[in-house]
Amino acid sequence: MKINKSIVITAVFLLLGQAAGAAVYKSVDEHGNVVYTDDPVGNGEPVALPPLSTVPPPSYKSTSGSGADDNAATPDAGYQQLEITAPAQDETLRDNTGDVWIKASVAPSLNAAAGDRLQYFLDGQSFGEAVVDEKLLIPNLDRGAHTVSVTIVGPSGQEIKRSDDVRFYLHRQSVNFPRGPAPAGNP
C-alpha cells in the first residue's frame, strides 16, 4: 500500500514538474520499483504526458463606472424609496407563536409586470422566494434580536435596490417562567 501512495505522490509532483516545462523520465530500480524523475538516470525513458487541462476564468462585468451609458443600464432609476416600515427600528414585538409580519414600502410601486420582485432577508440570509407582496409573514421565529431587510430584484435575479437593515426584538413567553400565581398543589 505504501508503494501506491508513493506512486501517487510522485505522479502529482511530476505533473507539477510538467507544468513547469520539465521532462519526465520513467525507470525501474534494482528492486523492481517504478521511479519517475526529471533526471534521465540509468535506463530512464522519456514519458509523454497529456497536456494539463485548464479552465479559463469567468468573464467579469463591472457594475460601476462613470459613463453616461452606465446610468441607462442601471435598473434602479425608477425606484426612489425602499424601506422596511414594520417592525420599527429597535422595536420589541411580543408574540408567543413567534409570528412576525414584515412590511415594506416601495416608491413608486413595484413594477411586477416587468418581472421585478421583493426578496426579504432575515438575519442576513434570504428568506423564501422573491415575491410581489409588500407584506410577509415570518412564522415561528425564535426569541431574541433579529434584523430584516428587503431588496428589489429584477427578472434575472439581479439586485436593483436594497433597504437598510431594521433590528427588532422578539419576546416569547417561556414555559419555564409562567405568568401569574404559582399553581396550587402539594408543596
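The values are calculated or read from the model by the stated rules, or taken from the named source; none is laboratory data. For clarity, every value in this text was computed on a predicted model and none was experimentally measured. So basically every Cβ, Gly included, is an ideal-geometry build from the backbone, and we count neighbours across all protein chains shown.
Of the residues making up segment 37-73, just one is of a type in the set (Val, Ile, Thr), outside the structural domain of VAL24 (by TED's automatic domain parsing) and at pLDDT below 80, namely THR63.
Selection of segment 117-170 for residues being surrounded by fewer than 17 Cβ atoms within 10 Å (Cβ to Cβ), hydroxyl-bearing (Ser, Thr, Tyr) and outside any loop (DSSP other than H, G, I, E, B) yields SER126, THR147, TYR169.
For TYR25, are the conditions met, namely being modelled with pLDDT of 85 or more and in the same structural domain as VAL166 (by TED's automatic domain parsing)? It is false that TYR25 is modelled with pLDDT of 85 or more and in the same structural domain as VAL166 (by TED's automatic domain parsing).
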